[in-house]
Structure formats: C-alpha cells, structure tokens
1. How much length is gained on full extension from V178 to D227, taking 0.36 nm per residue of separation minus their Cα-Cα distance?
2. In the calculated pair distance distribution of segment 147-236, what percentage of Cα-Cα distances lie above 15 Å?
3. Provide, as a two-decimal number, the C-alpha radius of gyration of the chain over 2.2 N^0.38 Å, N being how many residues it has.
4. For a Förster distance of 35 Å, can you work out the FRET efficiency between the beta-carbons of Q193 and A170, rounded to the nearest 0.05?
5. Taking the simple approach of a point 7 Å from Cα along Cα-to-Cβ for both A60 and T22, what is their distance in nm?
6. Can you give the relative contact order of segment 68-176 as a percent, counting alpha carbon pairs under 8 Å and 6+ residues apart?
7. For the chain, calculate the relative contact order in percent as a whole number, restricting contacts to Cα pairs under 8 Å that are 6 or more residues apart.
8. Exactly which GluC sites (Glu not before Pro) in segment 93-186 are in a DSSP loop and have at most 10 other Cβ atoms within 10 Å?
Amino acid sequence: YAAVYWRGPACSAVLPLTVVHTQGGLLEIASAPSPLCDRASSSDVHRTLLAVPVAADWPAGDCELRSGETVLGRLDVLPATASESAATDIAHPLAANVDGKMTLRGYDIEPSGPSAVRAGDKVKVTLYWEAQQSIDRSYTVFVHLLGETYNARSSNFLWGQHDGIPGAGAAPTTSWRVGAIITDEHVVTVDAQAPAGQYRVEVGVYDAVSPPYPRLAVRDAQGAPVDDHVIIDTVR
C-alpha cells in the first residue's frame with residue numbers, strides 16, 4: 001500500500017501509479033487506484049492508502065513505484081512463496097464460497113477429536129483456500145473461538161482469536177494462483193479466564209485496510225449471501 005498526502009480539493013482525481021521493474025520494464029497493475037478523497041475542503045490535508053496489487057507472476061527483483069515520472073519509492077519483489085498443498089491432504093474437506101473470490105476447501109485442527117484444551121492453551125487451525133479468480137486486494141483471515149458464556153472484557157462471546165494475512169504474511173490473497181490450494185495456519189490462544197464449555201471455531205475474511213473493514217459474504221450454491229463467517233468445528 002502507498003500512503004499519499006495532499007492539500008486541496010482532489011475528490012474527482014486519481015493518482016496514476018505504475019510499477020517499473022529495473023530490468024524487465026513496466027509491470028501491469030491489476031486495478032486502478034482509488035479516488036484521492038471523498039471531501040472537497042481545500043484547507044484539509046488528506047491521506048489515503050492506495051492499493052498496489054503485486055501479481056503472483058511478477059518477476060522477482062528491484063522495482064520502482066512511480067506516479068508519472070516521479071519515483072515514489074522502491075520495492076524489492078520476492079518470488080511468490082504461497083504454500084500450496086494437494087487437496088487429498090485435507091482432513092476436514094469443505095466447499096465454502098467466500099464472495100465468489102475464494103473457496104474454503106477445508107481445515108485441520110489440533111487438538112482434534114474428543115480432546116479438550118485448557119484455558120491458556122493454544123489451538124492450531126490450518127485452513128486450505130482456493131482462489132476462484134485473481135484477487136486484487138490483500139484480505140485478512142480471522143479465526144475466532146466463540147463460547148457459550150458472555151465475555152465482559154471483549155463485550156461479546158469471543159474467548160480467543162487470531163487475525164492475519166494468510167501464510168503468516170507470506171501468502172497474501174493477491175499472490176494466489178487460480179486453482180491452487182493455499183495452506184494458511186492460525187494459532188489461537190484460549191483466554192486464560194475462559195470457562196469450561198463448548199467453543200465454536202469461526203472463520204471469515206475481511207478487508208483490514210478500508211473502513212468500516214467489511215467482512216466478505218459467505219454465499220450459497222446459487223451465489224446468494226448467507227452469512228459473513230463459517231463455523232467449522234467445536235473445541236471443548
């Protein structure tokens with residue numbers, strides 16, 4: 001993301017961005033930058049984050065981020081490191097359609113089966129994703145532990161969570177190849193004060209950059225939105 005600042009009305013303007021590989025020339029940007037603002041005040045200093053998707057097939061090497069002939073910064077593009085797996089490796093297969101952009105193909109969970117965890121223990125949830133299309137935005141995945149008892153400290157039923165870019169940051173959704181299975185591990189620490197009981201494991205995806213940070217809809221077989229998360233399992 002490029003954070004840009006300016007003064008004066010610019011609500012109808014966009015800042016043209018290009019990425020130039022120092023050896024390979026111009027690299028294509030998948031989507032146009034966002035408008036610079038949604039206000040018309042000439043006295044305010046405005047700030048906006050502009051997304052620059054780095055495609056999975058870009059060559060590794062030094063690049064420049066430019067607006068016209070002005071170099072805004074330099075990027076070191078690394079080879080794609082998204083962890084890919086075979087579908088047969090998935091212990092608990094699923095087919096949850098997330099907004100037509102990706103499918104949650106399944107998960108593994110540790111501990112599994114009838115095993116119980118204690119307050120303060122960790123639960124490891126490994127998710128397996130498949131991109132349905134090229135994704136031009138880096139989304140964040142969340143894994144929540146939802147209990148039967150209200151948690152006054154979190155003002156909801158949440159007793160553990162882990163939010164992050166897939167693959168511990170190494171497999172952003174913009175790097176996913178269509179059809180490849182992406183492995184995405186999350187370790188959730190159970191709240192030290194969590195009472196005994198059954199806890200649902202909730203998974204979802206959201207935009208962590210653009211307020212109000214919307215979750216992606218989970219859709220049914222006909223493409224209609226049914227929820228903004230998937231309950232994949234329970235732990236005791």
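The values are calculated or read from the model by the stated rules, or taken from the named source; none is laboratory data. Predicted model, so just to flag it, every value in this text is computed and none were measured. Here the Cβ is made from the backbone with ideal geometry for all residues, glycine too, and neighbour counts use every protein chain on show. What goes into the accessible areas is simple: the full protein's heavy atoms, side chains included, and nothing from ligands, DNA or RNA. Shrake-Rupley method; radii C 1.70, N 1.55, O 1.52, S 1.80 Å.
1. That works out to 15.3 nm of additional length.
2. Distances greater than 15 Å cover 71 percent of the Cα pairs.
3. Computed over Cα atoms of the chain, the ratio equals 1.17.
4. Numbers: r = 33 Å, r/R0 = 0.93.
E(calc), rounded to 0.05, equals 0.60.
5. Inter-label distance under the simple model: 1.6 nm.
6. Details: 149 pairs, mean separation 25.6, N = 109.
Taking the mean separation of contacting Cα pairs over the length of segment 68-176, I get 24 percent.
7. That works out to 18 percent.
8. Loop-located and lightly packed - none at all.
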